[in-house]
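First the structure, in the form of structure tokens, and then the observations on it.
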Amino acid sequence: MRWDNLSGDGPAAALFGTDSVVSRTFDTPEFRGVTFHEVRARSILNRVPGASRMPFDWTVNPYRGCTHACVYCFARNTHRYLDLDTGSGFDSQIVVKTNAPELLRRELGSRQWHGEHVAMGTNVDCYQRAEGRYRLMPGILTALRDHANPFSILTKGTLILSDLQLLRSAAAVAEVGVSLSVGFLDEELWRTVEPGTPAPERRLDVVRTLSEHGIPCGVLMAPVVPFLGDAPAQLRTTVRAVAAAGATSVTPLTLHLRPGAREWYMSWLSAHHPQLVRHYEALYADGAYAPTWYQRRITRQVHELAAEYGIGPNSPGAHRRVVRPEPAPAAECEEPGATQLSLPL
């Protein structure tokens with residue numbers, strides 16, 4: 001399906017769950033080949049089904065689709081419910097909820113809202129490159145700050161630093177948690193598996209800057225990529241760099257491959273590392289997740305390294321509680337059948 005400058009109440013509007021859709025392209029190098037579908041959403045606070053397993057019940061996602069183009073992204077399958085491709089379409093067809101800040105302010109002011117924790121970055125990255133043009137997050141953060149509402153952010157984006165002062169002012173009146181996602185430091189792996197993201201070292205610079213400005217920041221070490229990023233020396237290099245950046249915590253999550261992501265990732269693997277295909281087929285033979293023994297091995301190794309490098313309860317700044325927004329296990333329910341995919345804890 002194709003949209004070109006659509007507006008009004010046509011089929012695309014119904015598909016996006018909004019009353020209006022305007023599609024735009026921008027002739028700039030960073031957005032070449034990307035189409036932005038600007039919508040006015042009907043709601044922005046999404047309750048997470050099955051949230052008893054999570055440290056939060058509510059999420060805000062101002063974007064759908066992501067130009068970070070991570071080949072393993074667990075959210076790829078959500079594009080299927082928009083009749084969009086879960087491969088290159090997920091990377092290049094970006095839905096922008098242009099009214100997200102005003103809508104959030106209204107919903108936070110509702111008598112039905114009781115100030116619950118709000119997690120951001122649990123579906124797609126709220127600081128992907130589109131945020132540099134649309135700048136939705138300042139209004140979102142301002143609304144949360146003005147209502148003294150606790151929130152957390154998970155991101156790979158260095159654009160979060162443009163909102164540093166807003167984060168500081170919000171942290172003065174509510175509990176604020178920030179985590180950067182850094183699964184590995186290997187440059188070759190980064191360039192091929194996360195081609196649209198800032199370099200891992202730049203993300204660790206964000207951790208360092210936030211920490212220096214009094215905002216404790218954890219690292220979600222995700223994903224740990226089997227056979228490509230899980231060697232003991234690679235894990236040590238990453239954890240050592242995470243510690244040097246001043247992270248308050250490091251949480252390893254092994255790669256998982258849900259429908260949508262699995263097909264895209266295996267296609268990438270066949271092109272770049274064909275010798276590993278049969279190993280992946282064996283490791284993920286029972287489903288989306290690596291075997292429990294593998295996950296436990298990675299977790300144990302990372303936790304031992306974290307203790308060695310001083311990341312944990314006794315590290316500087318760890319006395320301040322940081323709520324990390326882990327990917328949710330069930331549907332955001334922005335449209336029938338949508339699935340909020342998960343990473344295992």
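The values are calculated or read from the model by the stated rules, or taken from the named source; none is laboratory data. If you're wondering where the values come from, they're calculated on a predicted model, not measured in any experiment. Using ideal geometry, Cβ is built from the backbone for each residue, glycine included, and neighbour counts are taken over all protein chains shown. These area figures cover heavy atoms from the full protein model, side chains too; ligands, DNA and RNA do not enter into them. Shrake-Rupley method; radii C 1.70, N 1.55, O 1.52, S 1.80 Å.
For region 175-192, the candidate set comprises residues that are open to solvent by less than 20 Å² (accessible area, probe 1.4 Å) and touching a Gly at 6+ places or on another chain (Cβ under 9 Å); within that set, the residue that is nearest to Q234 (Cα to Cα) is F184. P232 meets the stated requirement of being out of contact with any Gly (no Cβ under 9 Å at 6 or more places or on another chain) and open to solvent by 10 Å² or more (accessible area, probe 1.4 Å).
Scanning region 70-83 for residues that are open to solvent by 10 Å² or more (accessible area, probe 1.4 Å) and farther than 11 Å from W264 by Cα gives R80, Y81, D83.
Right, L204: out of contact with any Ser or Thr (no Cβ under 9 Å at 6 or more places or on another chain), farther than 14 Å from V250 by Cβ and surrounded by 15 or more Cβ atoms within 10 Å (Cβ to Cβ) or not? Taking the combined requirement at face value, the residue does not satisfy it. Select from region 242-276 the residues that are over 19 Å from the mean Cα position of the chain (by Cα) and either of a type in the set (D, E) or surrounded by fewer than 19 Cβ atoms within 10 Å (Cβ to Cβ) (or both) and list them in ascending order. If the condition is that a residue be over 19 Å from the mean Cα position of the chain (by Cα) and either of a type in the set (D, E) or surrounded by fewer than 19 Cβ atoms within 10 Å (Cβ to Cβ) (or both), then A244, E263, M266, S267, W268, S270, A271, H272, H273, P274, Q275, L276 are the ones that fit. Annotation note: Cβ proximity below 7 Å between a residue of region 265-287 that is closer than 14 Å to T192 by Cβ and a residue that is open to solvent by 70 Å² or more (accessible area, probe 1.4 Å) (sequence gap 6+ or interchain) occurs for L276/F227.
Of the helices (runs of 4 or more DSSP H) lying entirely inside region 165-256, those containing at least 2 residues that are without any contact (Cβ under 8 Å) to a residue 60 or more places away in the chain and of a type in the set (S, T, N, Q) span 232-244. Step by step: first the residues of region 115-173, then only those that are at positive phi and among the small types (G, A, S), then the one that is least open to solvent (accessible area, probe 1.4 Å). Which residue is that? Once the filter is applied, the top-ranked residue is G121.
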